[in-house]
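A short write-up of the structure that comes next.
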Amino acid sequence: GAGVSQSPRYKVAKRGQDVALRCDPISGHVSLFWYQQALGQGPEFLTYFQNEAQLDKSGLPSDRFFAERPEGSVSTLKIQRTQQEDSAVYLCASSLGQGANGELFFGEGSRLTVL
Amino acid sequence: DAKTTQPNSMESNEEEPVHLPCNHSTISGTDYIHWYRQLPSQGPEYVIHGLTSNVNNRMASLAIAEDRKSSTLILHRATLRDAAVYYCILRGSNSGYALNFGKGTSLLVTP
């Protein structure tokens with residue numbers, strides 16, 4: 001389809017393992033966002049890319065979290081040495097432009113469970 | 001960041017109009033008012049947004065108070081598929097690049 005695609009949809013990791021979550025944004029979209037959503041809560045901002053530049057990473061909870069978008073399209077969110085508190089749904093969104101007057105398109109998310 | 005206040009939950013009967021309120025008393029002049037909704041087990045979905053004037057689209061209407069300190073999302077005829085969490089969000093040059101979601105309003109639609 002033409003929407004935002006995320007993989008894997010579900011990931012179970014043992015505490016201490018590294019995980020990588022992939023986001024394929026809508027083709028041509030300049031802006032890309034990562035959000036973390038804990039059970040029963042609203043999405044919390046993690047980081048923002050404009051093309052390949054990571055312009056805001058203020059929401060990343062620790063230095064175990066790392067995101068990249070090397071060619072300005074596909075993005076990967078990596079979590080090192082996962083902890084139980086990292087269990088959440090990780091949402092990716094893209095937007096055509098970078099202004100405040102624009103719609104974000106979200107993927108269905110990657111649900112991470114850390115045992 | 002300018003914050004929004006929404007009721008935790010609301011209930012509506014099917015095929016009746018629903019008015020979802022949002023207060024944003026600290027809104028700045030450049031902030032757009034965005035509404036998103038999230039159905040169970042799905043990512044958020046754009047509903048509507050506006051700056052000063054009321055807006056209509058195929059999904060809903062957005063009524064913005066004259067002083068812009070509050071707004072109301074209007075679903076003209078609620079259906080069971082409209083049961084979701086609705087988020088009212090401010091987005092502008094002072095709020096950075098991200099949409100900052102709160103807890104939203106959980107809308108229950110009963111047949």
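The values are calculated or read from the model by the stated rules, or taken from the named source; none is laboratory data. Just so we're clear, the structure is a prediction, and the values are computed from it rather than from any experiment. Ideal geometry is used to build each Cβ from the backbone, glycine not excepted, and the neighbour counts take in all protein chains shown.
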- Can you tell me how many residues in segment A:55-92 are within 12 Å of chain B (Cβ to nearest Cβ) and at pLDDT below 95? 5
- Would you be able to tell me the number of residues in segment B:53-73 that are in contact (Cβ under 8 Å) with a residue 12 or more places away in the chain and either closer than 17 Å to residue A:99 by Cα or not polar (S, T, N, Q) (or both)? 7
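What do you reckon, is residue A:103 surrounded by 14 or more Cβ atoms within 10 Å (Cβ to Cβ), touching a residue at least 24 places away in the same chain (Cβ under 8 Å) and part of a loop (DSSP other than H, G, I, E, B)?
Spelling it out, it is not the case that residue A:103 is surrounded by 14 or more Cβ atoms within 10 Å (Cβ to Cβ), touching a residue at least 24 places away in the same chain (Cβ under 8 Å) and part of a loop (DSSP other than H, G, I, E, B).
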- Task: Please verify whether segment A:44-56 includes one or more residues that are in a loop (DSSP other than H, G, I, E, B) and either aromatic (Phe, Trp, Tyr) or in contact with a strand residue (DSSP E or B) (Cβ under 8 Å, 6 or more places away or on another chain) (or both).
- Result: no
- Task: Among what's in segment A:75-115 and is β-branched (Val, Ile, Thr) and closer than 15 Å to residue A:47 by Cβ, pick the residue that is nearest to the chain's Cα centre (by Cα).
- Result: A:76
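Tell me yes or no: at least one residue of segment B:93-105 is closer than 30 Å to residue A:53 by Cα, without any contact (Cβ under 8 Å) to a residue 24 or more places away in the chain and either surrounded by 20 or more Cβ atoms within 10 Å (Cβ to Cβ) or charged (D, E, K, R) (or both).
If we filter segment B:93-105 for residues that are closer than 30 Å to residue A:53 by Cα, which is where we start, we get B:93-103.
Those left that are additionally without any contact (Cβ under 8 Å) to a residue 24 or more places away in the chain: B:97-98.
Then keep just the ones that are either surrounded by 20 or more Cβ atoms within 10 Å (Cβ to Cβ) or charged (D, E, K, R) (or both); that gives B:97-98.
Yes; the residues of segment B:93-105 include at least one that is closer than 30 Å to residue A:53 by Cα, without any contact (Cβ under 8 Å) to a residue 24 or more places away in the chain and either surrounded by 20 or more Cβ atoms within 10 Å (Cβ to Cβ) or charged (D, E, K, R) (or both).
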- Message: Give all pairs with beta carbons closer than 7 Å in which a residue from segment A:34-49 that is within 11 Å of residue B:100 (Cα to Cα) meets a residue that is hydroxyl-bearing (Ser, Thr, Tyr); count only pairs at least 6 apart in sequence or on separate chains.
- Response: A:42/B:87; A:43/A:35; A:44/A:35; A:45/A:35; A:46/A:35
- Query: Looking at residue B:37, is it of a type in the set (Lys, Arg), more than 9 Å from chain A (Cβ to nearest Cβ) and buried (at least 21 other Cβ atoms within 10 Å of the Cβ)?
  - Reply: yes
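Counting only residues that are among the small types (Gly, Ala, Ser) and in contact with a Ser or Thr (Cβ under 6 Å, 6 or more places away or on another chain), which one in segment A:1-54 is modelled with the lowest pLDDT? Even if it seems obvious, please write down each step before you answer.
Step one: list which residues in segment A:1-54 are among the small types (Gly, Ala, Ser), which gives A:1-3, A:5, A:7, A:13, A:16, A:20, A:27-28, A:31, A:38, A:40, A:42, A:53.
Now drop any that are not in contact with a Ser or Thr (Cβ under 6 Å, 6 or more places away or on another chain), which leaves A:13, A:20, A:31.
Numbers: A:13: 98, A:20: 98, A:31: 93.
Ranking the candidates gives A:31 first.
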